[in-house]
Each structure stands twice: as C-alpha cells, then as structure tokens.
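Participant: Before I ask anything, here is the structure I am working with.
Bear in mind these aren't lab numbers, they're just calculated from the coordinates by the rules spelled out. Not measured: the values here are computed from a predicted model. Here the Cβ positions follow ideal geometry from the backbone for every residue, glycine too, while neighbour counts run over all protein chains shown.
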C-alpha cells in the first residue's frame, strides 16, 4: 500500500516531464510554438478538463495532473528565472541606444493601452481598482512568443522588429512597477491609500538598497573566487544562490521574488560573468518556463468557452483591436511606415505571460473577483494562441501595403549591421589581437577562461568576458551565429582543437584563425577546417629573420615583402601537406609580395 501511495505522489511530476521531454518536441516538429503547446496541454490535462473526470475514470490519474499545488512551486521559479534573465540582458548602454523607442514609444503604448482597456471595463460595470489592475496586466504582450516569432522570420533588424523589441523591453521594465502596484494595493488594509503607498514604497526601497549594496560588494568577488575553482557545479550552485537569494530578500520585505531576481540579474549584467551565466541558465529556463506555461494552461476554464462564448469573443477582440489601434497610431506618430506599424500592432496585440502572474497575484490578494479573473485569464490564453495567426496576417498585409505604397512611403532601410569578431583568449597574444582590432575599428567580443585575468583586465578598463569557450551554449550566447570571424589565441592545444571543432560544427562558413603550437599542430588544424593557422615557431623564426635582415642593411621594403612571401609559402605548404586546398588569398598575397619586391 505504501509503495502505491508513494508512486501516486510522483504521477504529476511524471506527467509534466513526459510533456516537456516527449510531447512538446513532437508538437514543435509540427511547427507549433512550444509555449502554445504547454498552454494547450495544460488546459486539456488540467482540473477544468480531463482532470475533472478523475472520479468517474480513476485511471486518468497517470495521464493528468491530480494536484496543481505539486507543480505550482516549481512553475513559479520559471517566472523568477525569466525576470532574472531579463535583468541580465538589460544594461544602461542598451537602453540609451534605443531610448526613443523604449521610453517614448514603449511607455506611451503601456499607458494608452492601460487607459483604453480600463475605460472599456469601467463602461462594462467593473470597479476602478480591478479595472486598472486588469488594464495594466492586459496591456503587456508576450515577450517569449513575439521574440521567437521575430527571430524565426528574420525580422529582428527590420522596422517591425525594432518597434516590437523596444516595446517589449519597455514592458519588461514596466512589470516591476505593476507588481509593486498590486503589492501596494494588497497591503493597503484599512488605512488610507497614500499611507499604504508610502509604507510599501519604504519597504521596497529598503529591499532594493539591501540587494544592490550587497550585490555591488559581494557578487563580483564571489564569482571571481568561484570561477577560479574551474568547477561547473560550484558555478551553477552560485548562480542559483544569487537568483533565489535576491528573490528571497525581496520576499522578506513583502515584495515579489521575481522583482528581487530582476535586480539580481541587473547587477550581474554589468559584470564579466554575464555570458557564462546566460549559457548556464538557458536549459533550466526552458524547462521551468515550460512548467509555468503548463500551469497557466491548467488555470484555463474551458467550460467558460462553452458557457459564455460571446463574452469571451468580445473580450478577446476588444484586447486585440484596442492594442493594435494604439500601436498603429504611435507608429505613425513616430515615423514608422503603415505596414510596419500594423504588423507590430498585431504582434503586440495579444496579452502575455505576465498577465497570468499579475492577475493571479491580484486575485489571491482579493483585488480581483475570481469569476472575473477566470474570464480574463482565459481571454489572455486565447489571444496568445492566436498570436502566430495574427503574425502571419500582419506580415501579409504589411507586404501588400509596402508594394502598394512604395511610391508614397518607401520602405524603411534596415540599419547598417556590423558583425563582430570573437577573440578566444585574452592573454598576451589576445591583447595584441584585440588592440589591433580596436585600432582598425572592428567590433569584437573578447573571452577569457581565467577569472583572475578577467578581473585584472576589467580593472584596467578592458571589456572582457569570463566563460568556457569549449561550451557550445556559451559560444551561442557570444553571438556566434552573427559573428564575422573567430580568432583563437589561447596556447592550450586541447582548447584550440575543441573550440575549432565546435565552431566548425555550428558554422561552416565562418573564418577561423587559430594559434598553433608548431607546424604539426598547424597541419592538424587545417585538417579540422580552420581558415588560417599561425604556428608559434614559424612566426618566431620569421620575426627573427626580419630583424636580422634589417640589421644587415637590407632595405625595409624588400625585407617586409620577402617575409610576407615566405609566410605565404609556409602557409601553402602546411595546408597542402594536410590535404587542404590552397586558399584564393594565397595567390593574391604572393602576387602582391612579388610586385612589392620588384618595386623595391
């Protein structure tokens, strides 16, 4: 009997893991967004659908979630991690670059959408406080789904992508004051609103001061020590400690854990460990967010669709139309083309994941009636399900408008994009390489695996990031897909080989310039597919030859030309002996060297 009881306690976890590991990947292969898959499966397997049939069909206990509270705690961590990552991705410099769209367009979108939606609810007989809370929550859009749709369609650099990303960024920032507002109203008690606001603001300020001060003096030294241990397990434990610890401090002061995690991520965003933390958190974020969206789906009452279909249809259409009108109007006011404004409006029209967090918190605090909350949450879920369809409609209309109005309003050209070079290793060789890239105005991202070196370079004003370049997830976080070249300067042969293998596996077209220990290592690297291998022994001999020839009175121009020619001969020999083909640049360099020699 005890064995059966114990096994039944694991049934809910088995259902969630089966969905995350088996069902959702199959759904994704069919082209369905995994977030929508989690929401849909949660609605089907939750207490309002198949879960409500357990009394009549007990065998369903192994296929549905029996006790929602068993997974709610873990699902709430998904939001904590999401806000931590949002804070980690934000930075003052990034906000300043997009300040006009973020703080202008984005702030106006939130305020106008909130006012319009709250006004419609007041006309429908809903009281002021719940109308404002619902309006604020419904005004926000789905960051997770919209960003994925923009990335899949290659629209991040278009006018639609810039508007969408900027508004989402403003909404991510607005989540914090909205959660704070709900907390303020919930803690009001019987006193005046102003007194409650003052008290809650004091608590919030105290919590933020504690987190920021402790983070400034504690986080960077802590990660420096942990990184020096070169233990992935300890590094992961430290990251989890910062995420949960900052959230715990905020909760102690009566605020949400998500707010504390956001501040913790913001503190880490300016450190050299940001990329390594992103790579480490990514797998956990997907699973935890999946569980959150699954619990979101379980909160959807499908019976309300049958009982009050007209009310739900009116609510969904009101949300989509109101937010689309607001974004389109602002887009035209900010000089965005009609097509891009409409497409961005339809993308941002559905409400997002934070509506479930905010409305859930307000309902738990007694600020929103549970029946009203069910209608609102079901409407939010339906708008999110409709998002891919709305995106497709927006794309078609935008393309048609662009063709029709091309003479009147020519399409806005995409911004000039400059790729970056990734420099692996920032020791003596790496510093010379980054210095030359900097001198020629070439953007780069420098990576170093030695925590002490990174800390020293940071103190000297060098923008270097700590991380393990042999981790594919970390290289993805460094923007390998958008990079123009990878330069491997580290002297560790195993690291050079491993990084080369990973880069070539992820991108065959990317130029890879690698440091080699000797000629044999260079041949090995050419076999692995590097664009250019630079053997230390050969380079040292060439530099020694150059200095000797100059001292013996050979003209400098002739010396430089002959050194370049000999270097190209070495390169061609090494590549051919490794089985590789001569590169087109070799012949051009040889001709240029010969011409220089002839002139001298």
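Participant: Report the calculated FRET efficiency for residue 484 and residue 539 (r = Cβ-Cβ distance, R0 = 25 Å), to the nearest 0.05.
Facilitator: So, using R0 = 25 Å, E works out to roughly 0.60.
Participant: Given points 7 Å out from each Cα along the Cα-Cβ axis, report the residue 397 to residue 436 separation in nanometres with one decimal.
Facilitator: Modelled inter-label distance: 5.4 nm.
Participant: Which FRET efficiency, nearest 0.05, do residue 205 and residue 29 yield, Cβ-Cβ r, R0 45 Å?
Facilitator: Once the sixth-power term is evaluated, E becomes 0.40.
Participant: Region 429-479 to region 98-171: how many Å between their Cα centroids?
Facilitator: 36
Participant: Residue 100 label point, 7 Å along Cα→Cβ, cut-off 13 Å on backbone N: hits in region 330-363?
Facilitator: 333-337
Participant: Tell me, what does the Kirkwood hydrodynamic radius of region 421-599 come to in angstroms if you use every pair of distinct C-alpha atoms?
Facilitator: 17.4
Participant: Now a separate question. Please give the peptides 335-346, 449-460 ranked by average Cβ packing (other Cβ atoms within 10 Å per residue), highest first, as a rough proxy for protection.
Facilitator: Those peptides, ordered most packed to least, come out 335-346, 449-460.
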